[in-house]
Each structure stands twice: as C-alpha cells, then as structure tokens.
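Chemist: Provided herewith is a single structure, encoded as structure tokens, for subsequent inquiry.
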Amino acid sequence: MNMNPTSPRRILVTLACGLVVATAACGSDDSADALPPAACDAYATIGAAMFGDPSGVPDAVVTLTSEAPESLEEAATTYGAAFDAMMSGDESALESDEFTAASEELGAAVYDSCESAAHLDVSGIDYGFEGLPESIDAGRVAIEFTNDTTMDEPHELVLMRKVDGVTETAAELLELPEDELMSKIVPAAVVFADDKDGTGVALVDLEPGNYVAVCMIPTKGDSAPHAMNGMIADVVVA
C-alpha cells in the first residue's frame, strides 16, 4: 500500500437502538437533554463541512449553541468553539480533554434524540468493525462509534463513497497509490474514539452508493494503518 497513514485529527484538517439498523422513531427523545431539529441539523452541517465547504460552520455553531437545551449548553459551546478554532487553523482544537468530554456528552444526546433513517451502533476492535452492517438505508444516519480496544489503541471510522463506476473492493482500493485512490472515493463521514470505551457520534446524510469504511490510524509498533490489519469493510447504501 502506498498511502501514508494519517492521524485522525489530520484527516479533518486536510479534507477540511440495535447493532444494525433501527427506525427513525428510536431517535425520538422527550427528555430535558433532547436536541431540537435545528440543533440536529447544525450538528450534521458541522460534520459534513469537514469534507466539503467549511463556510457554513460558523452559522451552524451559532445555531447549535443557541438551540441546545440548557443542560447541554456548556457542552455545545465547548464543542462549537473547538470547531471554530480548527477552521481558523488551530489543529489542536479537537484534541483537548474538554473537547472530548463535550463531544461525548453532546454526541450521546444527538444519537438519542435526533431523528434519522438509521441508527448504527458500531464498535472498533483490534482490528475490525463490529455492528457495521453490509447495507444501510440512504438518508440521514446516526453512527455511534465505541472504542473496544484491548491494546490501548485509538480507533476511527472513516466512511468514503466510491465514485460511480468504481468496482474495486475496499481492500483493493487501499493497494492503490494515494493519488489514484483519492480519485476513486469521496469522503463522507468520520467518527473518532481515541480512548478505550470512548465514543463518538456522527450524524450524516448518505446518498445511495457503494462505500468503504476504514480506520487509517497507525498501528502501535509497526505504523501500518489499522485498515491493513483488517479494520476495513465494504458497505452499500441503498
């Protein structure tokens, strides 16, 4: 493989109710921690901007912090401020303990209360994805990603859509030179879980197509991406 392993935070800067699928009703939550639809949309916009136009992030941060319930106001403010800082070039903004805690608190509320076509409860193990289905319904998808490492390794789930007409499997794509690989895929979502038992949540709008899920974090000891040790999967969104 010719693609250099990349740290989870560098990917962001550079690219600037069951184990499978639950119904959208599972995202309904009437508790005090429930996020209103506007806050859910803002959370999804912030995530989508990491792989597209980041110009919408400031407005989305304002919406998220203003629409979050009082119980989540501090977490939403910390979360939003970190993304504002990252968009201004502070690559360390998403690496603080304060951000991690705020992200987990806010992510839990997103997963529990934001409506979506599918809810995925996925675990990252050494080395693979557990609970990631082979097929997902198109539309808004909530992904809760938990780090179940036994080797004190951080994990990530990077979801990339294959360009129409691409027939290579996920494993075959990773054997390509980086320039050729990036011409065949479109990044769609990323979820991090740096520490054991840590969680991350993505709320992403997925269009139909063939996708690749990978973890590109370097393995301790030999620096090979986790994907090369089996943390890779093909996923169909239909």
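The values are calculated or read from the model by the stated rules, or taken from the named source; none is laboratory data. Predicted, not measured: the structure shown is a model, and the values here were computed from it. Cβ placement follows ideal geometry from the backbone for every residue including glycine, while neighbour counts extend to all protein chains displayed.
Chemist: So, in segment 102-121, how many residues would count as being crowded, with 21+ Cβ neighbours inside 10 Å, in a strand (DSSP E or B) and within 14 Å of the chain's Cα centre (by Cα)?
Modeler: Result for segment 102-121: 2.
Chemist: I'd like to know if segment 167-177 contains one or more residues that are under 15 Å from Gly47 (Cβ atoms) and either surrounded by fewer than 20 Cβ atoms within 10 Å (Cβ to Cβ) or under 17 Å from the mean Cα position of the chain (by Cα) (or both).
Modeler: No, every residue in segment 167-177 fails to be under 15 Å from Gly47 (Cβ atoms) and either surrounded by fewer than 20 Cβ atoms within 10 Å (Cβ to Cβ) or under 17 Å from the mean Cα position of the chain (by Cα) (or both).
Chemist: Let me ask something else. Can you tell me which residue within segment 44-70, out of those that are closer than 16 Å to Ser88 by Cβ and in contact with a Leu (Cβ under 9 Å, 6 or more places away or on another chain), is modelled with the highest pLDDT?
Modeler: Restricting to residues being closer than 16 Å to Ser88 by Cβ and in contact with a Leu (Cβ under 9 Å, 6 or more places away or on another chain), the top hit is Ile46.
Chemist: Give the residue, chosen from Val110, Val163, that is among the β-branched types (Val, Ile, Thr) and touching a Leu at 6+ places or on another chain (Cβ under 8 Å).
Modeler: It is Val110.
Chemist: Go through Phe129, Phe99, Phe83 for me and flag whichever is within 16 Å of the chain's Cα centre (by Cα), farther than 18 Å from Ala188 by Cα and among the aromatic types (Phe, Trp, Tyr).
Modeler: Phe99 is the lone residue from the list that is within 16 Å of the chain's Cα centre (by Cα), farther than 18 Å from Ala188 by Cα and among the aromatic types (Phe, Trp, Tyr).
Chemist: Name the pairs: first residue in segment 54-78 and exposed (fewer than 15 other Cβ atoms within 10 Å of the Cβ), second residue of a type in the set (A, V, I, L, M, F, W, C) and not in a helix (DSSP H, G or I), Cβ to Cβ under 7 Å, at least 6 apart or on different chains?
Modeler: Filtered contacts from segment 54-78: Ser71/Ala32.
Chemist: Something else about it: Identify all residues within segment 30-43 that are assigned to a loop (DSSP other than H, G, I, E, B), of a type outside the set (Gly, Ala, Ser), surrounded by fewer than 19 Cβ atoms within 10 Å (Cβ to Cβ) and modelled with pLDDT of 55 or more; write none if there are none.
Modeler: Passing the criteria: Asp33, Pro36.
Chemist: Got at least one residue in segment 199-220 being modelled with pLDDT under 95, surrounded by fewer than 17 Cβ atoms within 10 Å (Cβ to Cβ) and farther than 26 Å from Ala117 by Cβ?
Modeler: yes
Chemist: Is it fair to say Thr146 is of a type in the set (Val, Ile, Thr) and more than 30 Å from Gly230 (Cβ to Cβ)?
Modeler: For Thr146, the condition - of a type in the set (Val, Ile, Thr) and more than 30 Å from Gly230 (Cβ to Cβ) - is not met.
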